[in-house]
1. In whole percent, what relative contact order does the chain give with Cα contacts below 8 Å and a gap of six or more residues?
2. Say we join alpha carbon atoms closer than 10 Å with springs in a Gaussian network model of the chain; which of 192, 226, 329 then has the biggest fluctuation?
3. Mind checking the log10 I(q)/I(0) for the range 320-441 at q = 0.17 Å⁻¹? Debye, one equal scatterer per Cα, no solvent, two decimals.
4. In whole angstrom, and with the biggest value first, how far do the Cα coordinates of the range 2-136 range along each principal axis?
5. For 289, 437, 255, what's the fewest-to-most ordering of other Cβ within 10 Å of each Cβ?
6. For the chain, what ratio Rg/Rh do Cα atoms give with a Kirkwood hydrodynamic radius?
7. Exposure proxy check: 413, 406 ranked by fewest other beta carbons within 10 Å?
8. Between residue 171 and residue 246, what FRET efficiency comes out of the Förster formula 1/(1 + (r/R0)^6) with R0 = 22 Å and r the beta carbon distance, rounded to 0.05?
């Protein structure tokens, strides 16, 4: 049997793009899982962000898509086309888990949750032509996970990745992580993580945990200490909270994180508007003194980028300009996105009555305003976001931030800062040009 696993394109209407500099983690991992349970199966991987996907040219027996919300319309169209040709299609991922009844008409089977417990059974059923409509994977323990398979791509990437846990201890209303991965955070055995990273061909990594240090402080310190002793010449970045930086062992945590190769962290600032922060129920993950926490991270030689949402129903016009002033004061960059109520989250239920009618899921991409606001039109919020992004990533601002990183992190934290900021600014400018040409409306 042959299977094709597809990573759908990002962006409205599925425009082909340069994609991300990291290979789609789900597909590499799912390939490893397939080889573990069925080493006889032939596998093809397609990253539709970087290469053309033509359903008429697929000759596999089973085609699988992993689906995020803004990718759903494209996936449904491709899945329908494949099934019209008699091909078997399986859909999984966060959007499918959130809305299985929506996804089911477009697939022979949908996978809810994680795949480890059901993948072998699903493959056998596909081979026998007895696929069930729904497979519920539950929340398996993370001991003995297969290694990602990295050598099947026809495309090139800059970064590898690794995962040490699944889930997040926080319960923010805009986030689906605690629902998709269950209410209990699970961690991988430390020796398995270290062996995987040490033997990887990659030198640069994304740590794809939802929270790289807020899951269990003692466990994370032990992990980073062992990584620092065992793994040399490899560097990585990831996402984390701020409250952990006020933990009594925070200096120890940050010291070993840097020694373990951490060069930069995207921290959840979430909002610069306190009313929005409360609406998102994100105050528990913030440090009592957020600015001091940022300084503490950078003093250890680790670059900081703020994840910030704008345009929420509690936000005001001045909040956009306030983010630029905040970044200039702290000398850090930010990744600003439009507040987006994804299906399956509490925020979606709160905003449901305000959603703009007629918008497909590909508008739910962090660039578009998809709900009504008390005082700002969708177009105004979108233009304010575009302007904010353009001003955040001018070359003078990028260089001034890089020179503020402690020399404890030299040179990799400084190199990483450039590798994150410059491409991000370039991508935002490209989006603005396309948007104003009318290609992305």
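1. 13 percent
2. 329
3. The Cα Debye sum returns log10 ratios of -0.93.
4. 36, 29, 27
5. Fewest-to-most ranking of 289, 437, 255: 437, 289, 255.
6. 0.95
7. 406, 413
8. Efficiency computed from Cβ-Cβ geometry: 0.70.
Rule-based calculations on the coordinates, nothing more; no lab input. Computed from a predicted structure; not experimentally measured. Glycine gets a Cβ as well: all are built from the backbone with ideal geometry, and neighbour counts include every protein chain shown.
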